[in-house]
Structures are given as C-alpha cells and as structure tokens.
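K.L.:
One structure, as structure tokens, below. Some questions next.
The values are calculated or read from the model by the stated rules, or taken from the named source; none is laboratory data. Keep in mind it's a predicted model, so treat the numbers as computed, not measured. Here the Cβ is made from the backbone with ideal geometry for all residues, glycine too, and neighbour counts use every protein chain on show. What goes into the accessible areas is simple: the full protein's heavy atoms, side chains included, and nothing from ligands, DNA or RNA. Shrake-Rupley method; radii C 1.70, N 1.55, O 1.52, S 1.80 Å.
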Amino acid sequence: MKLDFFVNEEAVTLETQPQRRLLDILREDLGLTGTKEGCSEGECGACTVLLDDLAVHSCLTLAAQLQGRRVTTIEGLEKNGELDILQRCFVEEIAIQCGFCTTGMIMSAKALLLQNPHPTPEEIRTALSGNLCRCSGYVQIVKAVSRAADEMGGRV
Amino acid sequence: MSTCYIPKTVEELGGALGHLTEDSLILAGGTDLVLHLRAEHLQPDVLLSLCGVPQLRIIEITSEQASIGAMATMAEIHKAMDGLPDLQALADAAGGVGSPQIRNKGTIGGNAANASAAADLPPVLWLLNAQAEIMGPGGVRRTISVQELADGHQGNTLALGEVVLRFLIDRTAFTGWRSAFVKLGHRSQVTISRIGMAMALLQAADGTIQDARVVAGAIKPVPFPLPAAEAILRGKRPDPGLAVELGETFKGNTRRVYKENAAKGVFQDTLLRFQP
Amino acid sequence: MHLVGVSHPIQDARGKAAGRTRYAADLVLPRMAHVAMVFSTVPHGYVTSVDASQALALEGVYGVFHCFNTPEYRFNRYRSQYSQTLIPEEPVFARRVRFVGDRVAAVAARDLETARRAAALVQVEYQPLPCALTFEQALEGINCLEGESPIRDEFTMEIGTPPSLEEGLIAVTAHTELGRLHHAAMEPHVCVADYDPDLDELTLRSPNQSVHGIRTVVADMLGMPYSRVRVVKTTMGGSFGSKQEWTVEPVAAVVARQLRRPVKLVYDRAAVMRSIVCRGPMRAEMTMRFQPDGTLVSLDLDLLSDAGGYIANSSDYVHTLVGKMFRCYRIPYGRTHVRLVSSNTPVSGSFRGWSSPEVALMLEHTMEKAARVLDMDPVQLRLKNVLLPGERDPKSGLPMEEVRTRECLLLGAERFCWTEKRREDAAFNAASPRFRRGTAVACGGHGNTYYPRYNDFAGVEMRMCEDGSVQVEVSIHDHGCGTGMAFQMIVAEALELPIQQIRLKEADTAHTPFDFGCYASRGTFVVGRAAQLCALKLRDEILNVAAQKLDTTPDRLYFDGPSVRSKDSPEITLSYKDVSWYALGTLCRELTAQEKHAVRSNPGVTGTHFAHVEVDTWTGLTRVLDYLAVHDIGQSINPEMCAAQVQGAVQMGCGAALREEIEISSNGQSTCSLAKYHLMNAPDLPDIQVELIQDGRSQEGPYGAKSIGEVSFVPAAPAVAAAVNQALGSDMGRIPMTPDRIMETIAKEGR
C-alpha cells in the first residue's frame, strides 16, 4: 500500500505492507532507532510514540492504521539542537540509567503533559504505568516529569 | 500479499465488507490483533482497517440513549462517561483497561467482538443491556443484544463480512441508577482481570436499594449475572459489610478456589463506590 | 575532593534522552543478514529430523542451520575466564534438546520478518524422552539417560567450630523456597557478528558483561586465535546478570562464519524469558541455634538447587552461596549440605547478587522466626549478631574492615520510625477486619570482588593528548548504571581535570586491556581502583616531564588544578598542554601511564532494608506502603546514581517477594510474556527512601568506595517477605508471595 503520513511534522510517503508495524517503519525504513523494542507485545512501553498526540505502542500499530495521521517520536522532541524540557529534566534529575525504557517513558510523559499540564505525582505514576523500568524505582523519573511540568508552567 | 481496505465512510465500509473471505482480517485498534497476526504469521488475503471511518468513533449521549461507536477508544469512552451515574461502570471499565497506551488504541468494538473471557467491557455492556448494531456486506444492518453477540467460547456470533457499528444503551431503563465496575488483577494498574464486577443500583433517597443488577466477568467464557447477589442487595443499603454474604454467591460459579475466596473483596470494593 | 561524591548525570544520559544512543539492535552493516531462531517445543528429546525445505523456498532466505548440516560446535555459556576448565556441555544447535526453548536451528534472511516467517516453516521432528519438571521428578532421575546421575553435584561444607554443648540452646528451623526469576533487562539479548573470510577475523558486538570471556568461549569453540576474535561491548540496556552468560554470541558467530556475511541476531522477549537464563529455583531448610539472649551460635543449611536444562554456572553458584552466608552475621559455626539437580526447564544462572539474595532470604526468614521464638525485637536480635569492624569473614579469612551494618540498623530504625510503625500496625490490625499491616527489617551482605576465591586484578592505560586532555583505555562494561561516568569522575578527580577532559570508552578486546568482566560487583572496587592508581601514575609522569622542562626535581613541583607549579618560582605555571607538548616535541615520547591493580581485600559491604506493607486478606494483594534502604557503601562515587540503583533493586526485590515468577506448566512450557510475568510498575511502588552511610570506607577501593549494584538487591525481597509474614502472623517461606499463596496460607493457618 501507499502510505502517506507525518513523522515529526514532516510528510512521509512510503510503499509498504499494510500489516507492517509502525515500530519497524520507524526503525528500519526511516532509521529512527530512538524508539525501542522491548517486548513486542504492548507490555513494556519502550516503543511508545505519539499518534495524533496520544501515547500508543508502535509495536501494536500497523501501517493500515496510519494513513494521514501524525506520529511523533523521541527524535521529534529536540528542537534546533536543544533538548525538550522533559528530556533535559530526565537528564538533570538522574532519571536515566540503561536508557532502554527512557525514550518510551519520555513519550508517555509528553502525552501526559499535553493533556494535563499540572499532574500530581499519582497522575504521573498512572500515566507511566505502561512503561516498565527495571533499573530504577521510578523515583527520579516521577521527579523529572514533575519538574518538567513546573518548568513549562502550563505551556506545552 | 494482502489487499488493504481503509474505507472512509460507513457506505464505503459496507462495500468493503463484501470482499471479505474466511482468510480476511478486520483491524480495529489492533492491540490484540497484531499479537495474533505475528504469533501465527498470518497472511490475510484482505486486511480491512476500520480506523478511517470517523463515524465509527462517535460517542453520542442524550438523556434517552448512549450511542458508542465501535471504534471509540477506551480513553474516549472513559472521558465521555466518567461522572454519569448510570454509565459510570462503563467509564470505570474503559478507564481500567491495560495501560494508557492500550486505552488510546483499544476500542469497545474490538474488546466486545474479540470476546476474551477476561475482557472488561462485556460485563458492563451486559449489565446495561446494551445492544449492538451490526452491518454486513452491502450495508445491511441488524441489531442484537450484547448477550447474543458472544458465542460462549470466547468468540462472537458475527457472520462473515459483518462488523459492529456501535453499541446502544437505553438510558431510560436506568433513570436514577448508579453503576460501578471494579476489577481484581495481579497489580493495581495494567493488569488482566481475574475478576470483573459490574454493579448497578437503584437507590431510594435514604440509600435503600430498590433494585440491583450484578454481572461478573473473567470467571466463565462469558459474563454472568448473579441474581443471588442482587437479591441480597435489594432492600438494604450498600453497606460494605454485605461483602461477606455477597461473596458466598460466587460459590459454585468458579472452580478456582482463589477467585471464590477473593470475590468478597471485589464486592466490598464495589460497594465502597456507592457510598454517599 | 571536588568531583567524587557529587551527583552527575551518567555519561550518555543526553544521548539516551535524545534517542540517539546506539544499542546493538540499532546497528546495521552492509549485506547484513537477520537471524531468527527455531527453539525446541519439547522439554526433553532427540531431534530426529529437520526439514527446512519450505523455509528455504521463501524469497530472501539465505540459509537454515541446525545439527544435521552444521559442524557440532560446543561451548560452556558460563565460561568467562580462560582458566576455567568447564565442560563444553552446550551445542550451538542441539541434537538432544533439554528444555522447551533449547536451540534447534537458526534461519538467516535478508530481513527479520522473512527470517521469522521462515523459522516458523522449519519442520522439526522429535523423539521425546522422559522429562523432569519439578524437584521431585529431577531427584527421581526420570530424565537421566544411562550413565547420568540425578544428583549433579553434592557437597557438605563446615566452617568454624561446632558448639561444645547443644544443651540450653534454642533451635529455630525455617523452610524457604524460591521460584524462578526473570532478569527483565529492558533490552533483549542481541549480537551483531561480522566475519571477514579473507583475514579470518571475527567481530562480535553485543551488550555483555565480559568481552574477554566471550572471546575465550567463541575463539576456542571455532578454533580461532584469540587475537583474531574481536568482541566489542555495546551500550547495554540492563543486564542484572543475564548478559553474563553467552547464548546469542556463539550462535551469531557460527552463522556469520557459515554464511560469510554480517548477521544480526535479536531475541524477542519470549525467547529471552525462555531460552537465555533465569534465576533458578531453590528449596532450603535452615536451622539456627541461639543462646537464650539471642546470640547466634550455629547454623545448618540443607539446600536443594535446580540447574535447569544445562548445568552452566549452577555448581559454582551453590558453592558461592555457602561463602555468601557469612557476609553479614557472626556465625561461629555453619554446616551446609547442598545438592544440585538438573531438570528440563529453562537454564538457571547468574542473577544480581549471585546467591547472596537467595541465602539472605533463608537467613532472614529464619532470623524472623527466631525473633518470635525468642520474643525479641527483630532489630535488637540483628544488632546482637551482625559482624562488627575488626571481625573477619570466617570463610575467606579476610577482614570485614569498617563494616557498618550496626549503624545501618540504628539509623534505619530511627528514620523509619520502627517502634512507632510496629505499634501503629498492631493498632491498625486490631481494628481492621480486612487489611493487615506489617513492618519488617532485613540485612544482607555481599562482596566487592571474587577475591580470594580466585585472584582478581585489573589493568588500565592512559595517554595524555597534545592539549592536556586524557584518553583512558580500560575494559569496563557499563550495565546502564553509569560506570563510565563513575570512572571519568575517579580519573578526573585524581588528575584535577574537568570531567569533559577525560575520554573513556567501553570494553573492546581490540583496544582495551585484558579484564575478567563487570560482575561480582568488582567494577568500581577493582577496576576503578586500577583507574585511580593509573591516574596517579600519570600525575607522577606529568611531574617528571615538567621537572625536566624546568630543570628541577619533581619534589620541587606541585599540582594546582590542572597545572603544575613550582615551589621555588611562584610565577611559573605549566599547563598540562605545556607539559604534553614538551614531552612530544622535546623528549620525543607520549605522556602515558600503565597500571595494574591486584586486589588483596574484600571488605564487608551490607545493606539494611525496612519495609512497611499492607496485605488485603480478602484478595491476597499486598501493597508496599513505605520503604527505606540503608547502605554501608563506603565513599559513594556518584551518590544519586547509587540511590537510583538501590531503588531499582528494591523494585526488583518487591517483585521477587510478591509476584515475579517464571512458572512451568505440566508440558514444560514456561512463562514467556510480560503480560503474565508481573513487574512492579510505577503506581505500585512508594517513594523509596535511601540512606547511604559513607564513613565505612574500604582500604582498597577508589577513594574508599565499596560495592552497591548487587548488595542493594540482597535484603530487598527478604524485607518485604518478612513484612508480609509480620502482617499476617504467618510463616510463609515460599516466594513470591502471590495473592493465591497468601490466600492459601490464610485459609490454612487462619490469621
């Protein structure tokens, strides 16, 4: 099928299979390897991207669901060589260890802040409930999202 | 190689349904289908994606009726229903499915048509006597009860080329009712139900239960009503202390000792949702 | 110190946040083939035929490799040192399969999708053999072929002097059983192999804990000179011990060589859970004898362990366990009897803590029971028995040095409001018909190196660039916890340079010095010390060269920031750049240093954890309400990262205690999905508190550092398990304490 959609605000046209996963399109066809594959079954959240500003699993999304839609990946957050506030807060709050969950975690956090610019710690934990981190106890991650929300002051 | 249909209107969908064969697949949210597709290395002759029909996503709530498009996502349903007393159980169930990522893609149509025993929406749809409006090849429509949608073996009764368009709930039958859904899993969030409890109560001004409906999920292949529990509730207030007695009504309904014992905990958590 | 002890984001945090850091699965090489595996579907049997015709008929399939068409290469997954004489028990492609998930064939194709589809088309026929899936079946030996014994290892070890008089002692016996654990590193196992047939050179890139270990195994297996096998450690998305054993690397090496193409082998989650390695099950009976005042006098342990399909490290693991028993409490006499069996289940192996967490569960469970029998407060009972500074580890004979378990207990009890919490729990439990709360403590010890079991050393090389910045060659294997940053800090501290001036890459057998690998918690303690010593040597070298330039002696010079000054002429300042230029331009040599450090100590390093839980006695679900981990860490290099690691260990320990388990079904299928293996997620954990006690410095570690990565996991599951037992007044010894097991216990014991 011919697929027309948007990735990180750029129009992309691809000839692909309808049952090709968004994850494979991003990683293999577009070279956007920041999106990670951790479980291939929608349980770990490492492959999280935004689809029309909502967090979804790219491993459970097929080309047949993408026509005309907007995908945002971790690579789309950095603007003009400057990290997004969320990315910077993850770095500064020491919320990153092995990093394999990080990009998915940041995308889930991004989706949260787009909908709810002033989340409570409980709301942050719920928003990240589908993103597993094995290195940490989520303490710094929750702190990083909280601080990013404060720094953004409601802007997203 | 598969042919992919992505209809943009209900009319186009009706046309596309005519092309489906036994080897075809219908793609809704994809949260279950993709796993199945990959595990079985399926090569469907036709892949019909429902995500291009905006009409299937519409949630319309009037004082008489709730109409929920089959492609409405869990997140959308939770948002639309949360705070409406009679429909609260649907909000609870949709809001507790999987993770945020799953709720952003998983649809009510997929959840009901896929008919997993552990699915969270069917017990609530049964509780609220929902109807499913179905369309077949050429746009032929029929409406059945959700009970008729399930085949009893974790599958559905849809014929080849049929899809659910929307679910309808007659709100006039539940005027003054409140409902709630509580699930028990292995963790507090992002968990598959081991017990799903859907309850609706009609209470007098002093809290006395005039009428009650209770449907349990994740125990048998299909949800099942618990008339014994309903009888216990009628005429009383929703006192959490009733949970022990209510839990007894589970006996004989499951061979799993754990579920039989844990039922009272789920009953209590459900009753707590009805506190003033 | 200006850097050590100050928190820094890890070296690659920025790249990871941006999604730019490359992991092995992100690598692409020209002509690269993708490999998918065919795994055994039966728990025990012979492969009688492999029909690959349908797979080979698919467009884009390059080859299918199995025991009937590939030379029988064998290896031992656990071999990580050249000197280990382990039987190469494991064939790359099995003819006799020993568990569901054992490797049968590999399919190489132009892309992964094609390889996966082709793998599903490979027809394998088996002649089934009787299988053992439980301890009982393995003990019966029903899976043993002729000449095989059900007991694969058995030994008795006695340490210390038995009490002269049994009379008057109070004996407490506890039964403990642990299920299989999945490491759940978020990054699945991957290897990219590239074979150059013209040079006969093989390059393997993978996230792993020992590049030299892999080189040993793969080079010996293929009969290649070690120097022609290059192993590069890639950015690792977590390991926890799972990337310490070699399973994907030998396969990728063989396929790349057979195919004469680069190949990428990526296991998916199901394959990682089934076919790589798990923490094995154990069953133990422990008896402690106490004097009436609570002084521990002796200990007996009878242990049964299951190696799973291959023996791998299991024999060594249980031997190690005996030593780990003596790392926290004063045990005047310990007697251990151990038996090892081999069932047809996933292979048991290395797991964070390497038997310390297992033995801690046994010790703490018995200790908990003893506190009740002796009617003593659990903190007081431990205070009476923990090893103190000046005492020795009776097994190794080495001093515990400045161990701080006592201080951990005292500080923790105060910060956690131990007495108040225990009192409040009692009041809460008296009032609540449904929920029960419990507060408990657990201690646990570990090591910092495997010395003195084996000799342990590390080597480091450094060179100063023309501008005065420094390149470090050292074989580190960062698991994701920022070893790279810790080492940059150690070196920068010694050279008084800013961190950005230190460049340090990870292990690569082609460039970095020999090293055993990053396990046994030796990374910072052993390798980090070598890096510190090497930096100090480079300082001497800088002074020597500066002295020659200034025509004086080194003792007349001193360091002032990253520059050299003269005690005699205050106006003279030489930057490192000046010194480097002089060395290169005038002395015709590079400013370099090479140093090795052979370790001679292994000080006591312990953690004390406090857990407060609430058990729902109607559903069996347990909530962790509050948690405090206190660690005797010596000098922490990067404190916030240490705290983050400890919190991660607590997350893992809560999971191990409450819900994580790989279960084996009656047909030998094991849990292989994260939908059924329940890790703790963000909503299920409290804000885990961490306290680091830093004055118990080691003599040998860099700046007095001790280990943290593994010891942090040791007391975690025991603390949570004890809190559940405290809440219920029960004596459950089986972890995980799943809702089902808790409900069974309540039904059996009442509450």
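K.L.:
Please find the FRET efficiency linking C:L536 to C:D695, where r is the Cβ-Cβ separation and R0 is fixed at 35 Å, and quote it to the nearest 0.05.
P.N.:
After rounding, the FRET efficiency stands at 0.90.
K.L.:
Quantify how strongly other chains surround peptide A:51-59 by giving the mean number of their Cβ atoms within 10 Å of each of its Cβ atoms.
P.N.:
Mean number of neighbouring Cβ atoms from other chains: 5.
K.L.:
Considering only DSSP beta bridges where both residues belong to the protein assembly as shown, give the percentage that are antiparallel (nearest 5).
P.N.:
Here the antiparallel bridges make up roughly 80 percent for the protein assembly as shown.
K.L.:
Please compute the modelled spin-label separation between C:D467 and A:E10, points set 7 Å along Cα→Cβ, answer in nm with one decimal.
P.N.:
With each label point 7 Å from Cα toward Cβ, the separation is 3.0 nm.
K.L.:
Shape of the stretch B:3-49 from its Cα gyration tensor (a ≥ b ≥ c, root eigenvalues): rounded if a/c is under 1.5, otherwise prolate when a/b > b/c, or oblate?
P.N.:
It comes out oblate by the Cα gyration axes.
K.L.:
In whole Hz, with x marking every Gly and Pro, tabulate ³J(HN,Hα) for the stretch C:243-255 from phi via Karplus 6.51 cos²θ - 1.76 cosθ + 1.60, θ = phi - 60°.
P.N.:
9, 9, 10, 9, 10, 7, 5, x, 5, 4, 4, 5, 5
K.L.:
Continuing with the same structure: I'd like the Karplus ³J(HN,Hα) series for the stretch B:45-54: coefficients 6.51, -1.76, 1.60, θ = phi - 60°, whole numbers in Hz, and an x wherever there's a Gly or Pro.
P.N.:
Couplings: 6, 10, 10, 9, 9, 8, 6, x, 9, x Hz.
K.L.:
Still on this structure, please answer the following. By accessible area of protein heavy atoms, probe 1.4 Å, what ranking do C:L658, C:L165, C:L587 get, highest first?
P.N.:
Sorted by accessible area, descending: C:L165, C:L587, C:L658.
K.L.:
Let me ask something else about it. Modelled label-to-label distance, B:L272 and B:E248, 7 Å Cα→beta-carbon offset: nm?
P.N.:
Reported label-point gap for B:L272 and B:E248 is 2.4 nm.
K.L.:
I would also like to ask the following. Taking every residue in A:25-38, how many Cβ atoms of other protein chains lie within 10 Å of its Cβ, on average?
P.N.:
4
K.L.:
May I pose another question? What is the list of residues in the stretch B:6-39 whose amide nitrogen lies under 15 Å from a point 7 angstrom out from the Cα of B:L160, following Cα to Cβ?
P.N.:
Answer for the stretch B:6-39: B:17-26.
K.L.:
How many nm separate the modelled label positions at C:T552 and A:N116, each set 7 Å beyond the Cα in the direction of the Cβ?
P.N.:
It is 6.6 nm.
K.L.:
Give me the angle, in degrees from 0 to 90, between the Cα long axis of helix A:102-115 and the longest principal axis of the Cα atoms of chain A, rounded to the nearest 10.
P.N.:
80
K.L.:
Then there is this: Per-residue mean of other chain beta-carbon atoms within 10 angstrom of the beta-carbon, peptide C:174-187?
P.N.:
Average neighbour count from other chains, rounded to a whole number: 3.
K.L.:
Top to bottom by accessible area (1.4 Å), largest first, where do A:C44, C:C417 land?
P.N.:
Largest accessible area first, the residues go C:C417, A:C44.
K.L.:
Could you order the peptides C:504-513, C:37-46, C:611-620, C:309-318 from most to least packed, using the average number of other C-beta atoms within 10 Å per residue?
P.N.:
C:611-620, C:309-318, C:37-46, C:504-513
K.L.:
Suppose R0 equals 35 Å; then what is the FRET efficiency for C:R434 and B:N129 from their Cβ-Cβ distance, rounded to the nearest 0.05?
P.N.:
After rounding, the FRET efficiency stands at 0.60.
K.L.:
Moving to a separate point now. Considering the zone a paramagnetic label at B:L42 would reach in this model (a point 7 Å from Cα along the Cα-to-Cβ line), which residues of the stretch B:1-36 have amide N under 15 Å from it?
P.N.:
Counting only backbone N, you get B:2-5, B:20-36.
K.L.:
Here is a follow-up. Under 5 Å between amide hydrogens, which residues at least 5 positions from B:D211 or on another chain qualify, with H placed 1.01 Å from N in the peptide plane?
P.N.:
Close amide H contacts, sequence-distant or interchain: B:L202.
K.L.:
Rounded to the nearest 10 Å², what accessible area does C:V28 have for a 1.4 Å probe in the complete protein model?
P.N.:
That residue has around 120 Å² of solvent-accessible surface.
K.L.:
Under a 1.4 angstrom probe, counting protein chains only, how are C:D375, C:D153, A:D4 ranked by accessible area, largest first?
P.N.:
Final ranking, largest accessible area leading: C:D375, A:D4, C:D153.
K.L.:
Rounded if a/c is under 1.5, else prolate if a/b is larger than b/c, else oblate: which is chain C, with a ≥ b ≥ c the root eigenvalues of its Cα gyration tensor?
P.N.:
Oblate.
K.L.:
Also, quick follow-up: Would you mind telling me the share, in percent, of accessible area of the stretch B:55-172 contributed by carbon and sulfur at probe 1.4 angstrom?
P.N.:
On the stretch B:55-172, the fraction of accessible area on carbon and sulfur atoms equals 50 percent.
K.L.:
Using 20 Å as the Cα-Cα cut-off, could you pick out the over-long pairs in A:K36/C:K264; A:K143/B:K183; B:K8/B:K105; A:K110/B:K8; B:K264/C:K369?
P.N.:
A:K143/B:K183; A:K110/B:K8; B:K264/C:K369
K.L.:
Return the tail of the calculated pair distribution for chain A, meaning the percent of Cα-Cα pairs more than 18 Å apart.
P.N.:
Everything past 18 Å amounts to 55 percent.
K.L.:
Taking every DSSP beta bridge with both residues inside chain C, roughly what % is antiparallel (nearest 5)?
P.N.:
80
K.L.:
Can you list the residues of the stretch A:68-107 that have at least 40 square angstrom less accessible area with all protein chains present than in their chain by itself, probe 1.4 Å?
P.N.:
A:E78, A:L83, A:V91, A:I94, A:I96, A:Q97, A:C98, A:F100
K.L.:
Rounded if a/c is under 1.5, else prolate if a/b is larger than b/c, else oblate: which is the protein assembly as shown, with a ≥ b ≥ c the root eigenvalues of its Cα gyration tensor?
P.N.:
Here the protein assembly as shown falls in the prolate category.
K.L.:
Note the full-extension length gain between C:V373 and C:D200 as 0.36 nm times their separation in residues minus their Cα-Cα distance, in nm to one decimal.
P.N.:
Answer, rounded to one decimal: 55.6 nm.
K.L.:
List the residues, sorted by chain then number, that are 5 or more residues from C:G45 or on another chain and whose placed amide H is less than 5 Å from its amide H.
P.N.:
C:V97, C:L129
K.L.:
Separate question: Which residue, B:A89, B:P100, B:S116, has the largest displacement toward the positive end of the dipole of the stretch B:55-172 when charges sit on each Cβ (Lys, Arg +1; Asp, Glu -1)?
P.N.:
Ranked along the dipole, the leading option is B:P100.
K.L.:
Using the Cα centre of the stretch C:72-127 as the reference point, and only Cβ charges (+1 on K/R, -1 on D/E), how large is the resulting charge dipole? Debye, rounded to the nearest 20.
P.N.:
Using only the charged Cβ atoms, the result is roughly 80 debye.
K.L.:
Something else: Using a Gaussian network model on chain B with a 10 Å cutoff between Cα atoms, which of B:A72, B:A262, B:A113 fluctuates the most?
P.N.:
Looking only at B:A72, B:A262, B:A113, the biggest GNM fluctuation is shown by B:A262.
K.L.:
Order the peptides C:99-107, C:691-699 from the highest to the lowest mean number of other Cβ atoms within 10 Å of their residues.
P.N.:
Going from most to least packed, we get C:99-107, C:691-699.
K.L.:
For every helix of n ≥ 4 consecutive DSSP H residues, a contribution of -39,500 (n - 2.57) applies; sum these over chain C, divide by its total residues, and give [θ] at 222 nm rounded to the nearest 500 deg cm²/dmol.
P.N.:
The per-residue figure over chain C is -8500 deg cm²/dmol.
K.L.:
Please list the three semi-axes, largest first and in whole Å, of the ellipsoid equivalent to the stretch C:381-532, using sqrt of 5 times the eigenvalues of its alpha carbon gyration tensor.
P.N.:
Ellipsoid semi-axes (Å, largest first): 43, 20, 15.
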